[in-house]
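Engineer: Dropping a structure here in structure tokens format, bear with me for questions.
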Amino acid sequence: MLQQTQVETVLPYFQRFIETWPTVQDLANAEEQAVLKVWEGLGYYRRAVNLHRSAKMIVQTFGGKVPSTTDALLKLPGVGPYTAAAIVSIAFGVPVAAIDGNIRRVYARLFAITGYLGEKETENQLKEIAQATLSKERPGDFNQALMDLGATICKPRNPLCDACPLKTVCLAFQKGLVSELPRRKEKSKVPHYVVTAAVISEGEKVLIAQRAKDDLLGGMWEFPGGKLEESDASLQAGLKREILEELGIKIDVGETVGVYKHAYTHYKITLHAFMATLQHGESLDRPHGKPECEVFEWMLPEALSKYPMGKVDRLISKQLLGKRLTD
């Protein structure tokens, strides 16, 4: 949960998660949809899916006990070198350096490493330093201390050098290089996409579709739609095309529900949601061609809260429920 999410945000989710599934066996026995629902709001939902799969693998392959070696942990879905090192050092006292973004920054400044982060030579240098300086007696405490130092004192911007216990041995501080280190290559511009979504209604119910397991937000539920293409004459035309491709049905597009902006890891979107209805004679049971999506449900707005959704789709569902209550 702490990967790419702040501690303050994680705490209530962690408590609820542990109360729901107190053991790895409990989590392994859970339904994936239930796991995604409890995780909803934390983002990066692939982490929840991987955690659930890891629990199953721990039960089936490792007798229900979390492995205590990095080699074994690296076999679990979603566990990389940093996570494996953090687990074995903190939980089992194995002297392995855990190198996250905070620790990279601390060491880059302490040793005035001028190479760019991400480059092989720089990363190897950081790994060698981290392993050489690691406390063999208390590796977990040492790793956590460095993480906390980077998070609270040796911050990316405006570091609190005067309060740093390591300033007397920090080469970047001595050389006046703190604001210049660590060095990062300039990031490419984050792309922006215009997206449309349809709230297709039939009587009092609306249609939601489940995203494919391997997609972004895999396993989550959404109001169907997709990216606008240059060939689309309008937002409405693009939405009609997307629904035909995704569900194999033709729709009539109605009034605007709302416009929503959201940022993902590698891109940003502006989503335009519209009310819609099936054209006369159209049916999901008789789709045109081969639809991309095969899992969908007609739901009353008040039942949508039971289904795990991403942030934007959840905003739309709440808006629909609010409108229903006021009508």
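The values are calculated or read from the model by the stated rules, or taken from the named source; none is laboratory data. Only a predicted model underlies this, so the values are computations on that prediction, with no experimental measurement involved. Neighbour counts are summed over all protein chains in view; Cβ atoms, including those assigned to glycine, are modelled from backbone coordinates with ideal geometry.
Engineer: When only residues in the stretch 248-264 that are on the phi < 0 side of the Ramachandran plot and assigned to a loop (DSSP other than H, G, I, E, B) count, which is surrounded by the most Cβ atoms within 10 Å (Cβ to Cβ)?
Structural biologist: Ile249
Engineer: Moving on. Can you tell me which residue within the stretch 189-247, out of those that are polar (S, T, N, Q) and assigned to a strand (DSSP E or B), is farthest from Pro287 (Cα to Cα)? Quick ask: steps written out before the conclusion?
Structural biologist: Initial filter on the stretch 189-247 (polar (S, T, N, Q)): 196, 201, 210, 231, 234, 236.
Still in the list and also assigned to a strand (DSSP E or B): 196, 201, 210.
On the way: Thr196: 21, Ser201: 17, Gln210: 17 Å.
Among residues in the stretch 189-247 that are polar (S, T, N, Q) and assigned to a strand (DSSP E or B), the one farthest from Pro287 (Cα to Cα) is Thr196.
Engineer: Look through Ala112, Ala151 and report the one residue that is among the aliphatic types (A, V, I, L, M), at pLDDT 95 or above and either assigned to a helix (DSSP H, G or I) or crowded, with 16+ Cβ neighbours inside 10 Å (or both). Spell out the reasoning first.
Structural biologist: Details: Ala151 fails: at pLDDT 95 or above.
Within the list Ala112, Ala151, the selection yields Ala112.
Engineer: Kindly indicate which of Lys185, Lys175 is outside the structural domain of Lys120 (by TED's automatic domain parsing), touching a residue at least 60 places away in the same chain (Cβ under 8 Å) and closer than 30 Å to Ile99 by Cβ. Before the answer, list the steps.
Structural biologist: Details: Lys175 fails: outside the structural domain of Lys120 (by TED's automatic domain parsing).
The match here is Lys185.
Engineer: Can you pull out the residues in the stretch 292-314 that are at pLDDT 90 or above, in contact with an Asp or Glu (Cβ under 9 Å, 6 or more places away or on another chain) and outside any helix (DSSP H, G or I)?
Structural biologist: Trp298, Leu300, Tyr307, Pro308, Met309, Gly310, listed by residue number.
The rows are residues; the columns are (1) of a type in the set (S, T, N, Q); (2) over 16 Å from Met1 (Cβ atoms).
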position: Glu19; (1), (2): no, no
position: Asn29; (1), (2): yes, yes
position: Val49; (1), (2): no, no
position: Ala55; (1), (2): no, no
position: Leu73; (1), (2): no, yes
position: Gly80; (1), (2): no, no
position: Ile90; (1), (2): no, no
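Engineer: Scan the stretch 23-38 residue by residue and report those that are closer than 16 Å to Val66 by Cβ and surrounded by fewer than 15 Cβ atoms within 10 Å (Cβ to Cβ). Steps first, answer last, please.
Structural biologist: Initially, the stretch 23-38 is screened for residues closer than 16 Å to Val66 by Cβ, giving 23-28.
Answer for the stretch 23-38, where residues must be closer than 16 Å to Val66 by Cβ and surrounded by fewer than 15 Cβ atoms within 10 Å (Cβ to Cβ): Thr23, Gln25, Asp26.
Engineer: Evaluate the stretch 134-146: report whether one residue or more is at positive phi, aliphatic (A, V, I, L, M) and surrounded by fewer than 22 Cβ atoms within 10 Å (Cβ to Cβ).
Structural biologist: Taking the stretch 134-146 first, the residues at positive phi are none.
So far as the stretch 134-146 goes, no, none of its residues is at positive phi, aliphatic (A, V, I, L, M) and surrounded by fewer than 22 Cβ atoms within 10 Å (Cβ to Cβ).
Engineer: Looking only at the stretch 265-291, filter to residues that are surrounded by 15 or more Cβ atoms within 10 Å (Cβ to Cβ) and either among the acidic types (Asp, Glu) or assigned to a loop (DSSP other than H, G, I, E, B) (or both); which one of those is nearest to the chain's Cα centre (by Cα)?
Structural biologist: Pro291
Engineer: Of the residues that sit in the stretch 298-327 and are free of Cβ contacts under 8 Å to residues at least 24 places away in the same chain and among the acidic types (Asp, Glu), which one is surrounded by the most Cβ atoms within 10 Å (Cβ to Cβ)?
Structural biologist: Restricting to residues being free of Cβ contacts under 8 Å to residues at least 24 places away in the same chain and among the acidic types (Asp, Glu), the top hit is Glu302.
Engineer: Of the numbered conditions (1) among the β-branched types (Val, Ile, Thr); (2) loosely packed, with under 15 Cβ neighbours inside 10 Å; (3) over 26 Å from the mean Cα position of the chain (by Cα), Val295 satisfies every one except a single condition; which is it?
Structural biologist: For Val295, the failing item is (3).
Engineer: Mind checking which pairs have a first residue in the stretch 111-127 that is closer than 21 Å to Phe173 by Cβ and a second that is part of a helix (DSSP H, G or I) and among the small types (Gly, Ala, Ser), Cβ under 6 Å, 6 or more apart or different chains?
Structural biologist: Ala112/Ala172
Engineer: Scan the stretch 12-22 residue by residue and report those that are part of a helix (DSSP H, G or I), within 22 Å of Val66 (Cα to Cα) and either not assigned by TED's automatic domain parsing to the domain that holds Gly41 or not aromatic (Phe, Trp, Tyr) (or both).
Structural biologist: Here is the first cut: in the stretch 12-22, the residues part of a helix (DSSP H, G or I) are 12-20.
After this cut, where a residue has to be within 22 Å of Val66 (Cα to Cα) as well, the list is 13-20.
If the condition is that a residue be part of a helix (DSSP H, G or I), within 22 Å of Val66 (Cα to Cα) and either not assigned by TED's automatic domain parsing to the domain that holds Gly41 or not aromatic (Phe, Trp, Tyr) (or both), then Gln15, Arg16, Ile18, Glu19, Thr20 are the ones that fit.
Engineer: Checking Ala97 against (1) assigned to a helix (DSSP H, G or I); (2) small (Gly, Ala, Ser); (3) in contact (Cβ under 8 Å) with a residue 24 or more places away in the chain; (4) surrounded by 14 or more Cβ atoms within 10 Å (Cβ to Cβ), which single condition isn't satisfied?
Structural biologist: Unmet for Ala97, out of (1) assigned to a helix (DSSP H, G or I); (2) small (Gly, Ala, Ser); (3) in contact (Cβ under 8 Å) with a residue 24 or more places away in the chain; (4) surrounded by 14 or more Cβ atoms within 10 Å (Cβ to Cβ): (1).
Engineer: So which pairs qualify, if the first residue must be in the stretch 155-166 and surrounded by fewer than 11 Cβ atoms within 10 Å (Cβ to Cβ), the second must be modelled with pLDDT of 95 or more and hydrophobic (A, V, I, L, M, F, W, C), the Cβ gap must be under 7 Å, and the two must be at least 6 apart or on different chains?
Structural biologist: Taking only residues 6 or more apart or on different chains, the pairs are Ala163/Ile153.
Engineer: Evaluate the following for Ser179: is it surrounded by fewer than 19 Cβ atoms within 10 Å (Cβ to Cβ), assigned to a loop (DSSP other than H, G, I, E, B) and either of a type in the set (Val, Ile, Thr) or over 20 Å from the mean Cα position of the chain (by Cα) (or both)?
Structural biologist: Numbers: surrounded by fewer than 19 Cβ atoms within 10 Å (Cβ to Cβ): yes; assigned to a loop (DSSP other than H, G, I, E, B): no; either of a type in the set (Val, Ile, Thr) or over 20 Å from the mean Cα position of the chain (by Cα) (or both): yes.
Spelling it out, it is not the case that Ser179 is surrounded by fewer than 19 Cβ atoms within 10 Å (Cβ to Cβ), assigned to a loop (DSSP other than H, G, I, E, B) and either of a type in the set (Val, Ile, Thr) or over 20 Å from the mean Cα position of the chain (by Cα) (or both).
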